[in-house]
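Notes for the one structure printed next.
Bear in mind these aren't lab numbers, they're just calculated from the coordinates by the rules spelled out. Because the structure is predicted, anything quoted here is derived from the model rather than measured. Note that we place each Cβ from the backbone using ideal geometry, even for glycine, and neighbour counts take in every protein chain shown.
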Amino acid sequence: MMTVKFLIYNTLGILLASCTAKTADREPAQMPTQENVAKLTQQQIRNAGIVLEFPKVTPVSSVLRLNGRIDVPPQNMVSISAPLGGYLKSTNLLPGMHVQKGQVLAVLEDQQYIQLQQDYLAGSARIKYLQTEYERQKSLNSSKSVSDKTYQQAEADFRAQQVAVSALAEKLRLAGINPHQIGADRISRSVNIYSPISGYVSRVNVNIGKYLAPTEVLFDLINPSDIHLALKVFEKDLDKIRKGQQVLAFTNSRPERKLACKVILVGKDLSAERTAEVHCHFQQYEPDLLPGTFMNAELAVESRHATVLPDEAIVSFEGKEYIFIPGKDGFTMTEVQTGNSENGVTEILAPADLRRTRCVTKGAYSLLMFLKNKSDE
């Protein structure tokens, strides 16, 4: 009987111990308390240079950050071609070279230029004969010495030759030859290609001796004096942009140099990526800005009153942002959500009831270092 009781008590004891162990396993481990509170002595506070201030309410602009590239208006980009074609005799152009309006870019030669001048000179000589014959037939017709048909034929031949000579003269001008500067002893087999604008050469597509068809482009010229900035703006932000708004643009290589621009045109067509182009004009011409250069831009779209703290009052830790608020137990590390930053201050979006709470505005980084060092111990 005693053996049975002993076995029962022993079994109950083992079950009780097992349940106790399982209960202990299920209980959460005790977390260290106040691990986000920095407790400093007065001497440490003075050494850290801690300053307390209330957040300020100030106008803050909402900045839209964009990117784009420098573009040139179509009227400032010129593709040079030879309207009648020909063989390239000479050119000294290289990409990047500066050219002046009226400068000779290339010299072309071809037998068709000789033939064109020959036809023009022969037609001009014949027109004098036809004019004389027309005037003679007109005089005879007035006295009824010749029939009306003869007079009309003479007039038709003269008018047709006038048209033919005028057409040949325009072809000469199109080729770059002045019809008034050619003669029987002044026929040239070559023509000059002149620059219609001042600017620089962006592309050279030819080489000496190559035959150029009328549709081929010899050179591409750009006049950069009227460059502008083409920014890509997403559809959701288009309603925030207006003509005349100020923009600050900068390159990745020199982000500290902000170039002032003004919005001159807001695009109305959306691309497949749901973006539209916004064109901005530089307020001051910068010769070192080249078409095609990628740029970043900042556009202030609105201004509102917001709760702000100095930038140095906000510290980052493990991907989050924090401020320190003083209390009776020390300085509590409090997570915040920030907005826009400008002029050394940052907008605090949350917590929203921070306006009447004193915060650490100087020495926040020292408090963060104190907490990190304490957690490493």
| note | Sorted largest first, the C-alpha extents of the chain along its principal axes in whole angstrom are 164, 62, 43
| said: I need the calculated FRET efficiency for the pair residue 242 and residue 321, taking r as the beta carbon distance and R₀ as 35 Å, to the nearest 0.05. | reply: 0.60
| task | Residues in segment 55-87, backbone N under 16 Å from the label point at residue 357 (7 Å along the Cα-to-beta-carbon vector): list them, ranges by number please. | result | 55-57
| query | In whole Å, how far is the Cα centre of segment 70-104 from that of segment 343-377? | reply | 61
| message | For the chain, what does the relative contact order come out to in percent, with C-alpha contacts under 8 Å and a separation of six or more? | response | 27
| said: Run the paramagnetic zone check for residue 186: 7 angstrom along Cα to Cβ, then residues of segment 83-127 with backbone nitrogen under 19 Å. | reply: 113-126
| message | Helix-only estimate, please: 222 nm mean residue ellipticity of the chain, summing -39500 (n - 2.57) across DSSP H runs of length 4 or more and dividing by its residues, to the nearest 500. | response | -9500 deg cm²/dmol
| query | Normalised by the number of residues in segment 77-219, what is the relative contact order in percent for Cα pairs under 8 Å and 6+ residues apart? | reply | 52
| said: Taking the 0 to 90 degree range and rounding to the nearest ten, how far is the long axis of helix 148-175 tilted relative to the main principal axis of the chain, both from C-alpha atoms? | reply: 40
| note | Rounded to one decimal in nm, the spacing of the 7 Å Cα→Cβ label points at residue 65 and residue 200 is 3.0
| query | Put +1 on the Cβ of each Lys and Arg and -1 on the Cβ of each Asp and Glu in the chain; which of 245, 357, 211 then has its Cα farthest toward the positive end of the dipole? | reply | 245
| Just going by the charge dipole of segment 77-219, with Lys and Arg at +1 and Asp and Glu at -1 on Cβ, which of 124, 196, 177 is farthest out on the positive end? | 196
| query | Using 0.36 nm per residue, how much length does the chain from residue 220 to residue 349 gain when fully extended, once their Cα-Cα distance is taken away? | reply | 41.2 nm
| task | Calculate the length of the line joining the C-alpha centroid of segment 151-180 to that of segment 185-215, in whole Å. | result | 26
